[in-house]
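Taking it in order: structure first as structure tokens, then the write-up.
The values are calculated or read from the model by the stated rules, or taken from the named source; none is laboratory data. Note that the structure is predicted; figures quoted are calculated from it, not measured. Here the Cβ positions follow ideal geometry from the backbone for every residue, glycine too, while neighbour counts run over all protein chains shown.
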């Protein structure tokens, strides 16, 4: 069995440190994003078993070849027959008496299947629920990850700018969203990182508006929230667009949100908590009289998932650290009128935020 | 609270029968497809609580308006504050002492959150794992569902035929898949029902080939497995295409698969099990000498998910019934050479299979 030569040795080492701290013999990784993150294997089925000394990727016949290719350093174990056969045998081979599992991923039925397999063979292994370990490791990105994230962001930025340039009154929200999707795909993205939100006028008052058949109109705010996935990494961008003339009220509210965003980008530093970062932007919106109209978090971490650690909202207690990318996306939402949200991705480096998003913003 | 006027009264009634049989007071539905199926609500967050007398959809502020619109007959309960506040209160209001939950959907952490909420308020409610009840109800489709499925299939058929007409040697598998995706979207599909498989030549020997940069070539089998989602319903179609001339060996193997498919369509009847249906096609492939080269099931049910009940494979013990749509997709896979798979969707009506897929097949 391989003990070195991992595609991502630091990630496996970080998980092993947590395994040691928690006094378990190993971890069963079932979450697909964590499986990919730790091993490099991008197939859609399989389990990782990681102990201090060993690292095994168990998958079925469809994926064993691909797994051997991608999950360098992992021993690939072919799943054959019933779970009650391969699972206890594998635990025996790895000398595991206590196995952590990802309780945020494994279903109640899934856990029971593993427990029954052990009971059937009369093997005593403690299965211990664990939550958030790999998520915590994933919050801080390495240089390779930042490069992939930047590529996803660049694709999203270019696709948004192309789409925005072609928005016209009368086009529906759905048509606009589809133009964006085609544009990211033609630039090499695998897929959207989430369903594109295009919200025109009063629809923009709902941060999670479901893109529909409403036609874009001149003079109203159009919130365009969109992202692309590139080699697994997710971009996330929001721009607020106005077709034709923006009246004074639109420009005034837009500028409050823009100021809140720019001041937050300027002032977030490594060491403050997500909650403290959120408060920087929220103070500006509160003081402008819109305390009740910014009903979501300032931002969120992103990477292999479009929402991941750290929490950059009022309840965020995790200190922000160098190497963490996250969004900064204040907004103001006024029922019946519309909304404004402006979102960039930043990464903390040498204690300060570097902006990764480069799509143009409107200026009034 | 509403006791009638459901969007889908028969579905709720069927679940209530199962609740009664199992001697529990109610079911907590957390699976998003089951939530949609039972209530008509298509938002992405929320729980159903269904008892003999009551039906509640609990969701957060983002979705309450949409829920009231879509989930006719359900009382919409706005989730506010902590789970330990709203969950025990709701169970009290509904007079639930024993609550089934979907163990195939709820994670171990999710269950613990519910259990902790009850413990914090010192409330004794038995949370009982249940598996597969709604899935069983979903296997038989009503007329409205068959219409939506037919529409999804029609979109997929038309998009496939347009794409197939434009396939040329030198085009990559990925490019061909993207042409199909654009074609379904331009016809009103929401999205793909699964990642399109385009597998050229030797790649086609793997039933689950990951569509890549291989170029399409003349004379080789190209397996094209594709589907569209329309109003939630999933189509699924496979055609094997040959560009240019098919040599005798290609035509011979193709015709074995086609015969296996046609004979299965002709002979499946309501009342036989999925396993017996599978055996009809498998016998023909076995007798042609390819017993070891048809390494997957004959088919599967489909609806709101692309794979659902019934199991139409060697281990399928469920009797097939009128109103069940499922795929019939035999194949032969020869490592190094390629593969052939041909797939249609059928629905059982008056004891026999009616074919819903109409995309042209090659004939030799």
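Of the residues making up region A:86-96, none is within 25 Å of the chain's Cα centre (by Cα), part of a helix (DSSP H, G or I) and assigned by TED's automatic domain parsing to the domain that holds residue A:20.
Is it the case that some residue within region B:122-132 is under 19 Å from residue B:37 (Cα atoms), assigned by TED's automatic domain parsing to the domain that holds residue B:89 and modelled with pLDDT under 95? For region B:122-132, residues under 19 Å from residue B:37 (Cα atoms), assigned by TED's automatic domain parsing to the domain that holds residue B:89 and modelled with pLDDT under 95: present.
Please go through region A:50-65 and pick out each residue that is within 14 Å of chain B (Cβ to nearest Cβ), buried (at least 18 other Cβ atoms within 10 Å of the Cβ) and over 18 Å from residue A:113 (Cα atoms). Listed by number, the residues that qualify are A:62, A:63, A:64. Note on region A:289-304: residues that are more than 11 Å from residue A:331 (Cα to Cα) and buried (at least 18 other Cβ atoms within 10 Å of the Cβ) amount to 5.
Out of (1) more than 17 Å from residue A:301 (Cα to Cα); (2) in contact with a helix residue (DSSP H, G or I) (Cβ under 8 Å, 6 or more places away or on another chain), the odd one out for residue A:350 is which? Of (1) more than 17 Å from residue A:301 (Cα to Cα); (2) in contact with a helix residue (DSSP H, G or I) (Cβ under 8 Å, 6 or more places away or on another chain), only one is false for residue A:350: (2).
If I ask for residues that are under 19 Å from the mean Cα position of the chain (by Cα) and over 19 Å from residue A:25 (Cα atoms), which ones from region A:97-136 would you list? Hits for region A:97-136 are A:104, A:105, A:135, A:136.
May I ask you to list the residues in region B:111-122 that are free of Cβ contacts under 8 Å to residues at least 24 places away in the same chain and either closer than 19 Å to residue B:51 by Cα or assigned to a helix (DSSP H, G or I) (or both)? Across region B:111-122, the qualifying residues are B:111, B:112, B:115, B:119. Among the residues of region A:184-206, those that are within 18 Å of residue A:152 (Cα to Cα) and in a helix (DSSP H, G or I) comprise A:184, A:185, A:186.
Can residue B:88 be described as in contact with a strand residue (DSSP E or B) (Cβ under 9 Å, 6 or more places away or on another chain) and farther than 21 Å from residue B:9 by Cα? Spell out how you get there, then give the answer.
Values: in contact with a strand residue (DSSP E or B) (Cβ under 9 Å, 6 or more places away or on another chain): no; farther than 21 Å from residue B:9 by Cα: yes.
Considered against the rule, which asks whether it is in contact with a strand residue (DSSP E or B) (Cβ under 9 Å, 6 or more places away or on another chain) and farther than 21 Å from residue B:9 by Cα, residue B:88 comes out as no.
Annotation: of all residues in region A:164-178 being closer than 15 Å to residue A:239 by Cα and free of Cβ contacts under 8 Å to residues at least 60 places away in the same chain, the one that is nearest to the other protein chains (Cβ to nearest Cβ) is A:177.
For region B:331-345, the set of residues classified as in contact with a strand residue (DSSP E or B) (Cβ under 7 Å, 6 or more places away or on another chain) and either outside the structural domain of residue B:157 (by TED's automatic domain parsing) or closer than 20 Å to residue B:283 by Cα (or both) consists of B:331, B:332, B:333, B:339, B:340, B:341, B:342, B:343, B:344, listed by residue number.
Among the residues of region A:151-191, those that are closer than 18 Å to residue A:356 by Cα and either outside the structural domain of residue A:242 (by TED's automatic domain parsing) or buried (at least 18 other Cβ atoms within 10 Å of the Cβ) (or both) comprise A:151, A:152, A:153, A:154, A:155, A:156, A:157, A:159, A:160, A:184, A:189. Of the candidates B:161, B:181, B:145, the single residue that is within 12 Å of chain A (Cβ to nearest Cβ), part of a helix (DSSP H, G or I) and at pLDDT 95 or above is B:181. Report, by residue number, each residue of region B:61-84 that is part of a helix (DSSP H, G or I) and either free of Cβ contacts under 8 Å to residues at least 12 places away in the same chain or within 27 Å of the chain's Cα centre (by Cα) (or both). Selection gives B:65, B:66, B:67, B:68, B:69, B:70.
It is to be established whether one or more residues within region B:51-59 are in the same structural domain as residue B:17 (by TED's automatic domain parsing) and farther than 25 Å from residue B:5 by Cβ.
The answer is no; no qualifying residue exists.
Restricting B:30, B:39, B:84 to residues that are within 28 Å of residue B:306 (Cβ to Cβ) and away from chain A (no Cβ under 14 Å) narrows the list to B:39.
For region A:126-142, give me each residue that is within 14 Å of chain B (Cβ to nearest Cβ), closer than 23 Å to residue A:8 by Cβ and not in a helix (DSSP H, G or I). The answer is A:130, A:131, A:132. Is it the case, given these coordinates, that residue B:330 is crowded, with 20+ Cβ neighbours inside 10 Å, closer than 21 Å to residue B:134 by Cβ and touching a residue at least 60 places away in the same chain (Cβ under 8 Å)? No; evaluated as a whole, the condition is false for this residue. Of all residues in region A:94-125, those that are touching a strand residue (DSSP E or B) at 6+ places or on another chain (Cβ under 8 Å) and within 14 Å of chain B (Cβ to nearest Cβ) total 15.
Residues in region B:93-110 that are surrounded by fewer than 19 Cβ atoms within 10 Å (Cβ to Cβ) and free of Cβ contacts under 8 Å to residues at least 24 places away in the same chain: B:93, B:109. With respect to (1) more than 20 Å from residue A:157 (Cβ to Cβ); (2) surrounded by fewer than 20 Cβ atoms within 10 Å (Cβ to Cβ); (3) away from every other protein chain (no Cβ under 14 Å), the lone exception for residue A:262 is condition (1).
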